[in-house]
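Read through the structure below, which is laid out as structure tokens, and then see the notes.
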Amino acid sequence: MTNSLQHPRLGDKSNSSWFEEFLPKLLEDRDRIGLTDMIREIDALMLTVEPGCSVAYVSELALMTPYHYLVTLESESHWTHVLRVDMNSPDLLVREVRDPSKHGIFRSLNEVYPIGAHKPNSRYMGEIFRVTNLHDVVEMQKTREIRFFNQDQIRKLELPGNMAIVKPSPYTHNIVGYWERPPEDIRVYALGNSVIRDDVNRGYQEAKETQARLDLDKLILPIDHLATRIYSQNREVAILEYLTLSSYYYWGSYDIADQNSSTNVTKSIHYPDESFSPAKVFTAANNPYFVNHLVGLPSPTEAFVRNYGPRLHHVALSVADSETNGAANIDYVVEAIKAKGKDFLLDVIGSKEEGLKQIFSSASEHSSLIIEYVQRFGDFDGFFTKKNVAGLTAAAGVEENLRLLQAESTK
Ligand SMILES: [Fe+2]
């Protein structure tokens, strides 16, 4: 039986006594009933984009990530493009609604937020975990008061029929799904008709040729972590809820005091290599917005959540640890991608001596998601440094203020 409490706590932020009471209770119970061992790696990530945006977004991902276009699942009112690195990293399902007037639950989650409402279909949806026994996992989770969409709802939402999908979290607005797949079997999504779309394929091929010509295909590695932003008061419950839904453990939290924020890390208990099952990170402000005038600090994290709603903020990709043309790979990658017209929110921050370098791209105009690149040097295993997280959080905050002004001026 796996022991989800085997790792020492890292980071420097302290938690409430309630959190410290229920963290071991939840994990011990999850281990004891066998859920930890039945829930394995993240097998797929799902997101939606605006009508007309998916072709351009697949091209963007083909240039900026190691993902390849595999196939499009055509259903009555959606196209779902399946992107894959290989069977050792999660797939990415990029979904586009065919009818702009169509309303659904994922759109509703965007519509009450001032910037989120501008792109109501752009949203990261959540992760699908591979499980060894779907029936048992679902039944156990139901006894723990986890709520699932029923089969009819999954059919109407046009999500793959071979998945059990949990209703969106009240804290993160993300979903978690489960499906059963023997590890030697390839991933097959039970949804609509499989077609290769010429327009998607053309954009993908062009971007991949550019990526290979610049040698980026050897330098940009699979996803390292997924970072979700949540309201300040939901920090602890969002972490514990995710541990309830997954087989992840609590790595620890960094307090980023001068940005009035914290970064809270959970990781797979089964797979130490993030490329196989990415770390899940939750970022929350240290104070709710209405005391900011008393605290007197910037509050980029709470501002993001108030603008977009709780949601995934960025997807971080690893960069291979070596040099190209005498520069750290991450510096080379960023310059090459900038030359192709993509913007970044700041310069590359961190250093080899500190163990890692990181950067945020501007938010994609197609998905609103930011891409982070992260290069770890040598045997650095701190995962993050406080200094870098503070720099990244501040840069995203500057962008946030601009976006709010923009959104308000176009009302
Ligand atoms: Fe990050």
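The values are calculated or read from the model by the stated rules, or taken from the named source; none is laboratory data. Quantities reported herein were computed from a predicted structural model and do not represent experimental measurements. FYI the Cβ positions are ideal-geometry reconstructions off the backbone, even for glycines, and counts take in every protein chain you see. Heads up: the accessible areas ignore ligands, DNA and RNA and are worked out on the full protein's heavy atoms, side chains in. Shrake-Rupley method; radii C 1.70, N 1.55, O 1.52, S 1.80 Å.
So, with a 1.4 angstrom probe, what is the percent of accessible area on the chain that is carbon and sulfur?
Details: 8510 of 16510 Å².
On the chain, the fraction of accessible area on carbon and sulfur atoms equals 52 percent.
Suppose we look only past 19 Å in the calculated P(r) of the range 78-214. What percent of the Cα-Cα pairs does that tail hold? Let's see the in-between values first.
Working: 5574 of 9316 pairs.
When every Cα pair of the range 78-214 is considered, 60 percent fall beyond 19 Å.
How about the range 5-96: which GluC sites (Glu not before Pro) there are in a DSSP loop, with at most 16 other Cβ atoms within 10 Å of their Cβ?
On the way: sites: Glu20, Glu21, Glu28, Glu41, Glu60, Glu74, Glu76, Glu96; in loops: Glu76.
For GluC sites (Glu not before Pro) across the range 5-96 that sit outside H, G, I, E and B with at most 16 neighbouring Cβ atoms in 10 Å, the list reads Glu76.
With each run of n ≥ 4 DSSP H residues scored as -39500 (n - 2.57), what mean residue ellipticity at 222 nm is computed for the chain after dividing by its residue count and rounding to the nearest 500 deg cm²/dmol?
Values: 13 runs with 133 residues, N = 411.
That calculation yields -9500 deg cm²/dmol at 222 nm.
Taking 0.36 nm per residue of separation and subtracting the Cα-Cα distance, what length does fully extending Asp258 through Leu70 add?
Details: separation 188, 0.36 × 188 = 67.68 nm, distance 4.39 nm.
That pair, Asp258 and Leu70, stretches by 63.3 nm at full extension.
With 14 Å as the cut-off, how large is the P(r) tail for the range 370-411, expressed as percent of Cα-Cα pairs? Don't skip to the answer; put the middle values down first.
On the way: 548 of 861 pairs.
Roughly 64 percent, once rounded to a whole number.
Please sort 357-370, 5-18 by packing, taking for each peptide the average over its residues of neighbouring beta carbons within 10 angstrom, highest first.
Working: 357-370: 21.4, 5-18: 12.6.
In descending order of packing, they fall as 357-370, 5-18.
Going from the alpha-carbon gyration tensor of the range 1-60, what semi-axes, largest first and in whole Å, does one get by taking the root of 5 times each eigenvalue? List each step's numbers first, then the result.
Numbers: eigenvalues 265, 67, 26 Å².
Three semi-axes, in Å: 36, 18, 11.
Given 25 °C and 0.890 mPa s, how large is the Stokes-Einstein diffusion coefficient of the range 209-323 in µm²/s, with Rh as the Kirkwood radius over Cα pairs? Before the final figure, lay out each step's value.
Numbers: Rh = 15.6 Å.
It comes out at roughly 157 µm²/s.
State in Å² the accessible area per residue of the range 71-154; use a 1.4 Å probe, count heavy atoms of protein chains only, and round to the nearest integer. Let's see the in-between values first.
Numbers: 3510 Å² over 84 residues.
In whole numbers, the range 71-154 has 42 Å² accessible per residue.
Can you give the Rg and Dmax of the chain based on its C-alpha atoms, in angstrom?
Looking at the chain, its Cα Rg and Dmax stand at 20.2, 57 Å.
Roughly how many debye, to the nearest 20, is the charge dipole of the chain about its Cα centre, given +1 on each Lys and Arg Cβ, -1 on each Asp and Glu Cβ, and no other charges? Write out the running numbers ahead of the final one.
Numbers: 43 positive and 56 negative charges, 180 e Å.
Here the chain has a charge dipole of around 860 debye.
Which values of log₁₀ I(q)/I(0), to two decimal places, follow from the Debye formula for the range 1-156 at q = 0.09, 0.11, 0.17, 0.21 Å⁻¹ with a uniform point scatterer at every Cα?
The Debye formula, applied to the Cα set alone, gives -0.43, -0.64, -1.16, -1.28.
Any lysines with Cα under 16 Å of the Lys13 Cα? List them, leaving off those in the same chain fewer than 8 positions away.
Lys386, Lys387
As I understand it, the dipole of the range 263-328 uses +1 on the Cβ of Lys and Arg and -1 on the Cβ of Asp and Glu, about the Cα centre. Which of Ser268, Tyr289, Ala328 lies farthest toward its positive end?
Tyr289
Could you order peptides 135-146, 217-228, 294-305 by the average number of other Cβ atoms within 10 Å of their residues, highest first? Write down the numbers at each step before the final one.
Values: 135-146: 13.7, 217-228: 21.2, 294-305: 19.7.
Taking the mean over residues of other Cβ atoms within 10 Å, the ranking is 217-228, 294-305, 135-146.
Which percentage, to the nearest 5, of the DSSP beta bridges contained in the chain is antiparallel? The partial results should precede the final answer.
Details: 57 of 82 bridges.
If we restrict to bridges inside the chain, about 70 percent are antiparallel.
What is the Cα coordinate range of the range 104-180 on the first, second and third principal axes, sorted by size from largest, in whole angstrom?
41, 23, 20
When ligands, DNA and RNA are left out and all protein chains stay put, how many square angstrom of accessible area per residue does the range 168-265 have with a 1.4 Å probe?
Working: 3600 Å² over 98 residues.
It amounts to 37 Å² per residue over the range 168-265.
Place a +1 charge on the Cβ of each Lys and Arg in the range 81-133 and a -1 charge on the Cβ of each Asp and Glu, then give the dipole magnitude about the Cα centre in debye, rounded to the nearest 20.
Working: 8 positive and 6 negative charges, 24 e Å.
Dipole of the range 81-133, to the nearest 20 debye: 120 debye.
Any idea how far apart Glu184 and Ala117 come out in nm if each label point goes 7 Å out from Cα toward Cβ?
5.5 nm
How long are the three semi-axes of the equivalent ellipsoid for the range 306-347, computed from the Cα gyration tensor as the root of 5 times each eigenvalue, in whole Å, largest first?
Details: eigenvalues 144, 36, 11 Å².
One finds semi-axes of 27, 13, 7 Å for the range 306-347.
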